[in-house]
Amino acid sequence: MSAAKATVAIDGPAGSGKSSVSLAVARELGLRYVDSGAMYRVVGVLADDTGIDFADSAALGALCDRLELVFEESALGLRVLANGRDVSHAIRSAAAAQLASKVSVNPVVRERLVARQRALAEGGGVVMEGRDIGTVVLPDATVKIFLVASAAERARRRAGDLRARGEAADEAMIQREIEERDRRDQQRAHSPLVAAADALQVDTTSEPLETVVARVCALIAAQGNP
């Protein structure tokens, strides 16, 4: 299968480098990039903004049904539009990450968003990142990658991202939040965070982005894709 038709699933816990690696790999190979985690962040932020109870499956399902999402690249990076509103900045906060983790345990939300993610991957030519892409969303993906990194390193990266946006960041608190999110994601009944049996694991703890991207591209090539 050519790279143009490849379907690449990249999973891993929060802060393991999924977004940076996936976007860079997509650009390198000329593939479309889909950030599935951004979808959950959008739902979490919108639900919180409108006062929806996270236990109210009917209301969350309705929010998903009327949600119009647009991903577009710009000179400043990936923009995310939700019902015409630019939420690119709002969904990248530490609070948004926690909201995403909470709504993602709701089976109705997962059902709605997984259907959207599969539709986006139809025909191949895509790099999709998330926490259950290789196991649930795209179990027949051409290549499955599972990124890992230590909790301390993931907290350092997240703190750096927040500071770069002018937000305060307490690394110790962020690490505790990451470890709590790991527990939630791994223990949830629906689509828990786990590497697919045929996923190729890549540890990003001490590797620069360029090295990880090159390694992932090589792994994709080794699976029969140029």
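The values are calculated or read from the model by the stated rules, or taken from the named source; none is laboratory data. None of the values given here were measured: they were computed from a predicted structure. FYI the Cβ positions are ideal-geometry reconstructions off the backbone, even for glycines, and counts take in every protein chain you see. Ligands, DNA and RNA are excluded from the accessible area calculation, which covers all protein heavy atoms including side chains. Shrake-Rupley method; radii C 1.70, N 1.55, O 1.52, S 1.80 Å.
So if I check each of 115, 155, 189, which one is farther than 22 Å from residue 90 by Cβ, under 18 Å from the mean Cα position of the chain (by Cα) and among the small types (Gly, Ala, Ser)? The unique qualifying residue is 115. Does at least one position in the range 99-117 carry a residue that is of a type in the set (Val, Ile, Thr), open to solvent by less than 10 Å² (accessible area, probe 1.4 Å) and closer than 18 Å to residue 14 by Cβ? The answer is yes; a qualifying residue exists.
Identify the residue in the range 48-60 that is touching a helix residue (DSSP H, G or I) at 6+ places or on another chain (Cβ under 6 Å), closer than 13 Å to residue 106 by Cβ and assigned to a helix (DSSP H, G or I) and, among all such residues, is least open to solvent (accessible area, probe 1.4 Å). Selected residue: 60.
Residues that are outside any loop (DSSP other than H, G, I, E, B) and under 18 Å from residue 8 (Cβ atoms) were ranked within the range 193-209; the one that is most open to solvent (accessible area, probe 1.4 Å) is 201. Quick check: anything in the range 173-192 among the hydroxyl-bearing types (Ser, Thr, Tyr) and either part of a helix (DSSP H, G or I) or on the phi < 0 side of the Ramachandran plot (or both)? Checked the range 173-192: no residue is among the hydroxyl-bearing types (Ser, Thr, Tyr) and either part of a helix (DSSP H, G or I) or on the phi < 0 side of the Ramachandran plot (or both). One residue is enough: does the range 61-79 have a residue meeting the conditions basic (Lys, Arg), in contact with a helix residue (DSSP H, G or I) (Cβ under 8 Å, 6 or more places away or on another chain) and either at pLDDT 95 or above or open to solvent by 20 Å² or more (accessible area, probe 1.4 Å) (or both)? No, the range 61-79 has no match at all.
For the range 96-133, a residue qualifies if it is in contact (Cβ under 8 Å) with a residue 40 or more places away in the chain, assigned to a helix (DSSP H, G or I) and small (Gly, Ala, Ser), and the qualifying residues are 96, 97, 100, 101, 121.
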